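Reviewing the structure listed below.
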Amino acid sequence: MSQYFQPEIETASREEIKKLQDERLAKQVQYVYDNLPYYRNRMENKGVRPEDIKSTEDLHKLPFITKDDLRDAYPYGLLAKPLSECVRIHSTSGTTGRRVVAFYTQHDIDLWSECCARAIVAAGGSKEDVVHVCYGYGLFTGGSGLDGGSHKLGCLTLPMSSGNTERQIQFMEDMGSTILCCTPSYAQYLAESIAERGVKDKLRLKAGIFGAEAWTEEMRQEIEKALGIKAYDIYGLTEISGPGVAFECSDQTGMHINEDHFIPEVINPQTGEVLPDGEKGELVFTCITKEAFPLIRYRTRDICILSREKCSCGRTHVKMTKPLGRSDDMMVVKGVNVFPSQIETVLINQGFQANYQIIVTRDKSHQDNIEIQVEKTPFMAQDQTFDTAQATKKLVSGLKAMLGIYAEVKLVEPNTIPRSEGKAVRVIDKRNLYKG
Ligand code: DLL
């Protein structure tokens, strides 16, 4: 069983990767200039011509593309191939305005599947595995993406899609699923349901590939323990293809970005300045192999750190940390930047599970209030000696230390916060700060 899906690319020397990126970038910029009037105008406004871009050092000369540009250009303004050459669309579940629609040629789908196959192999998968895909299928990229990777690798693929937990568990048992692919919050829900039914020992699961939403190291440990598996992170976004832009390896210290297809940069979200490796900022991607929807310097809004330190798995591609927040999802409460992941860390450190909701309101005197509803674990709920007042007080003080502000805490009974089959809804911001 190989440790890599495409060893020649995944373990290429840094010089080889750089050379490949330089060649592909120059070619791609010319292609985009020739085929996307929307971006050509941008380049002309900035006074950049395709021949100015010879290597990755020249990337900073190019203009950024933002989600607003995608909405402006909806539906075909950033499509670089005739529709007759496209074979698929996917679309994001945007919260405001128009949805973002991404297009794919067959070539795009093939390369995307390879990226996902690399992720499955990195999680210990081979053609002997039974890959249970319960990311949603449809416009969301999760289901099709992992499905494509699983096919590419030759695994037996169970295209379960999300929902119907009873049937998920039954198939896991009957088909002997070995690799589970879903959001981490659904993995946690599945783990709870499996525990309730007492069927953990009948399952053959060995690994999980979880992504599409933020999850903490603590949540990983919980899922690994509850399901008796290794849990690997996977990252991606519809605009850039879908899952598999980056994936975790056995080292579990960040995700390797598939640099032969996507060149990452980290920038200061306020100024757009490119930051060196090791500094925290907004992740930006340039696609150097895509045909239909070839975004250049796309601002993801995800905050992370890049590292080129040697990895024990032997892969040489740059690693990104888990997204540490989003430059747009970050809440500013009482003037302080608050990320849901910080809150989650406190909860889990104090023995709670990641079943919580954050409710932000603004009162008549324009003061922000933040309330965190947290489920007691089933054990706490049954434990006669559990002191709710004391536990609440401890959470309030832990949150104060982490966030620097007071947050009200309400402990609620197990299974009272709505579960999600896809991405969890963690934040309910009732302040309507972004409307009209
Ligand atoms: O969530 C693609 C995907 C599907 C990734 C399945 C992994 C697994 P979108 O719906 O376009 O695409 O959402 C993209 O989700 O910008 C991040 O903010 C967030 N996200 C994706 N993966 C992770 C992750 C898919 N591993 C947006 N950790 C991205 C944290 C993630 N956030």
Suppose only helical runs count, i.e. DSSP H with n ≥ 4. What mean residue ellipticity at 222 nm does that imply for the chain under -39500 (n - 2.57) per run, divided by all residues and rounded to the nearest 500 deg cm²/dmol? -10000 deg cm²/dmol
Sulfur and carbon atoms: percent of accessible area, the chain [1.4 Å]: 51
Determine the alpha carbon to alpha carbon distance for each of Lys206/Lys310; Lys206/Lys423; Lys19/Lys54; Lys376/Lys410 and list only those over 18 Å. Lys206/Lys310; Lys206/Lys423
Shape category assigned to segment 304-436 from the gyration tensor of Cα positions, a/c cut at 1.5: oblate
Residues meeting the amide H criterion for Gln350 (H placed from the backbone, H to H distance under 5 Å, 5 or more places apart or on another chain) are none
Relative contact order, percent, segment 303-392 [alpha-carbon distance under 8 Å, six or more residues apart]: 17
Please work through the chain and write down the cysteines that have no neighbouring cysteine Cβ at a distance under 4.7 Å. Cys86, Cys115, Cys116, Cys155, Cys181, Cys287, Cys304, Cys311
Would you work out the charge dipole size for the chain about its Cα centre, treating the Cβ of every Lys and Arg as +1 and the Cβ of every Asp and Glu as -1, and quote it to the nearest 20 debye? 760
Among the lysines, which fall within straight-line cross-link reach of Lys200, defined as a Cα-Cα distance under 16 Å, with same-chain neighbours fewer than 8 residues apart omitted? Lys225, Lys230
Euclidean distance between Cα centres, segment 92-153 to segment 169-226, Å: 19
The answer for the chain, accessible area per residue at 1.4 Å probe in Å², is 44
With a 1.4 Å probe and all protein chains kept in place, how much accessible area does Thr11 have, in Å² rounded to the nearest 10? 50
Tell me which aspartates and glutamates have Cα within less than 19 Å of Lys81's Cα, excluding those fewer than 8 residues away on the same chain? Asp34, Asp69, Asp72, Asp108, Asp110, Glu239, Glu291
Looking at the square roots a ≥ b ≥ c of the eigenvalues of the Cα gyration tensor of the chain, which shape do they give, rounded for a/c under 1.5, prolate if a/b is larger than b/c, or oblate? oblate
About its Cα centre, what dipole magnitude does segment 294-425 give when the only charges are +1 on Lys and Arg Cβ and -1 on Asp and Glu Cβ, stated in debye to the nearest 20? 720
Relative contact order for segment 1-56, counting Cα pairs under 8 Å that sit 6 or more residues apart, in percent: 40
For segment 218-230, in order, what is each residue's ³J(HN,Hα) by Karplus, 6.51 cos²θ - 1.76 cosθ + 1.60 with θ = phi - 60°, in whole Hz (x at glycine and Pro)? 5, 5, 4, 4, 4, 5, 4, 5, 5, 9, x, 9, 9
So if I take the centroid of the Cα atoms in segment 365-436 and the same for segment 1-58, what is the distance between those two points in Å? 45
Of all DSSP beta bridges having both residues in the chain, the percent classed as antiparallel (nearest 5) is 60
Please arrange Asp368, Asp52 by accessible surface area, largest first, computed with a 1.4 Å probe and ligands excluded. Asp52, Asp368
Name the residue from Ile229, Ser420, Val130 whose Cα lies farthest towards the positive end of the charge dipole of the chain, charges +1 on Cβ of Lys and Arg and -1 on Cβ of Asp and Glu. Ser420
Applied in sequence order to segment 273-278, the curve 6.51 cos²θ - 1.76 cosθ + 1.60 (Karplus, θ = phi - 60°) yields integer Hz couplings, x standing for Gly and Pro, of 5, 6, 9, x, 3, x
Let's see if you can work this out: charge +1 on each Lys and Arg Cβ, -1 on each Asp and Glu Cβ, no other charges. What is the dipole magnitude of segment 352-436 about its Cα centre, in debye to the nearest 20? 340
Among Cys181, Val101, His317, the residue whose Cα sits farthest towards the positive end of the charge dipole of the chain (+1 at Cβ of Lys and Arg, -1 at Cβ of Asp and Glu, taken about the Cα centre) is Val101
Which one, Gln3, Ala407, Cys304, is farthest towards the positive end of the dipole of the chain when Lys and Arg carry +1 and Asp and Glu -1 on their Cβ? Ala407
Order Phe262, Phe171, Phe64 by their accessible area, 1.4 angstrom probe, all chains in place, largest first. Phe171, Phe64, Phe262
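The values are calculated or read from the model by the stated rules, or taken from the named source; none is laboratory data. Bear in mind that the values here come from a model prediction, so they are computed numbers and not experimental data. Every residue, glycine among them, receives a Cβ derived from its backbone with ideal geometry; neighbour counts consider all protein chains shown. Keep in mind that these areas ignore ligands, DNA and RNA; they rest on the heavy atoms of the full protein, side chains included. Shrake-Rupley method; radii C 1.70, N 1.55, O 1.52, S 1.80 Å.
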